[in-house]
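Asker: The structure follows.
The values are calculated or read from the model by the stated rules, or taken from the named source; none is laboratory data. Predicted, not measured: the structure shown is a model, and the values here were computed from it. When we count neighbours, we look across all protein chains shown, and the Cβ atoms used for this are built from the backbone with ideal geometry, even at glycine. Side chains are part of the model used for accessible areas, which takes the heavy atoms of the whole protein and leaves out ligands, DNA and RNA. Shrake-Rupley method; radii C 1.70, N 1.55, O 1.52, S 1.80 Å.
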Amino acid sequence: MTDDDAPTTAEETAPDKPATAPGKPRLSDAFRRRRRMLAIAGGVLAVLVIAVCATGIALISAIDGLADRAEDNERGVARTDTACTELERRLNRLVPPGATENPQARATAIRNENAAVRPFLAELDQLPGDRREHRRDWLDAWSTLVEARAAYAGALDRQVGGGEPAFFVPPQGQRGKPVVERLVDAGPDSCDGSVRRLAAPDL
């Protein structure tokens with residue numbers, strides 16, 4: 001018997017078998033899928049961490065902004081009170097228009113009081129705070145009162161020159177509300193005395 005005629009073993013005659021059973025994923029594929037899932041989960045986690053950090057930073061900034069505005073408003077209120085007190089002191093050093101003896105002197109007294117108001121308005125215009133719109137309305141009311149007084153002083157000058165008698169016309173604001181009421185309602189109590197004095201230039 002030759003080597004060619006020798007019987008073969010079962011292992012030698014059996015067909016080649018696959019490395020793994022049919023339908024069972026190879027180890028390398030499972031590892032790659034697991035790694036991909038971990039990468040996706042890591043990416044999602046990173047996005048969540050970034051979102052949480054950004055939200056926290058925005059919240060802290062908003063709280064800081066509110067605190068800063070509150071401090072500015074408090075400083076604005078304090079400075080307004082101080083400005084009102086200083087205005088009243090300046091007015092008290094002047095002769096009231098109603099205490100003058102003739103129209104010409106009265107016109108001069110009115111203009112002197114208007115000059116005392118200008119530093120007050122300049123101070124208010126520079127105040128900090130987030131209530132600028134409210135303050136602007138109040139400043140506009142002050143300017144309207146000063147303009148009405150200036151018009152009255154001009155009428156007194158014309159009266160001296162032989163013109164018609166001059167009369168002070170209290171200015172009206174929005175919706176027919178007197179400007180004086182608007183100044184008293186919207187301003188601090190420390191300004192009420194000055195408002196009432198300036199609103200009655202005949203007294």
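Asker: Name the residues whose placed amide hydrogens come within less than 5 Å of the amide hydrogen of Gln172, ignoring near sequence neighbours (fewer than 5 apart) on the same chain.
Answerer: Placed amide hydrogens put Val179 under 5 Å from Gln172.
Asker: Select from the stretch 111-175 those trypsin sites (Lys or Arg not before Pro) which occupy a DSSP coil region and have at most 12 other Cβ atoms within 10 Å, ordered by residue number.
Answerer: none
Asker: Something else now. GluC sites (Glu not before Pro), restricted to the stretch 87-152: which are DSSP loop and have at most 10 other Cβ atoms within 10 Å?
Answerer: On the way: sites: Glu88, Glu101, Glu113, Glu123, Glu133, Glu147; in loops: Glu101.
Counting only loop positions with at most 10 other Cβ atoms within 10 Å, the GluC sites (Glu not before Pro) in the stretch 87-152 are Glu101.
Asker: Further question on the same structure: May I ask you to list the chymotrypsin sites (Phe, Trp or Tyr not before Pro) in the stretch 114-203 that are in a DSSP loop and have at most 16 other Cβ atoms within 10 Å of their Cβ?
Answerer: Numbers: sites: Phe120, Trp138, Trp142, Tyr152, Phe167, Phe168; in loops: Phe167, Phe168.
Of the chymotrypsin sites (Phe, Trp or Tyr not before Pro), the ones in loops of the stretch 114-203 whose Cβ has at most 16 other Cβ atoms within 10 Å are Phe167.
Asker: Using a 1.4 Å probe on the protein chains only, how many percent of the accessible area of the stretch 79-199 belongs to carbon and sulfur? Please report the intermediate quantities before stating the final value.
Answerer: Working: 3150 of 6690 Å².
Whole-percent figure for carbon plus sulfur exposure: 47.
Asker: Amide H to amide H, which residues 5 or more places from Ala199 or on other chains are under 5 Å from it, using H placed in the peptide plane?
Answerer: Sorted by chain and number, the residues that satisfy this come to none at all.
Asker: How much of Leu48 can a 1.4 Å solvent probe reach, expressed as accessible area in Å² and rounded to 10?
Answerer: Result for Leu48: roughly 100 Å² accessible.
Asker: Charges only on Cβ, +1 for Lys and Arg, -1 for Asp and Glu: so what's the dipole of the stretch 79-199 about the Cα centre, in debye to the nearest 20?
Answerer: Working: 18 positive and 18 negative charges, 26 e Å.
The calculated dipole for the stretch 79-199 is roughly 120 debye.
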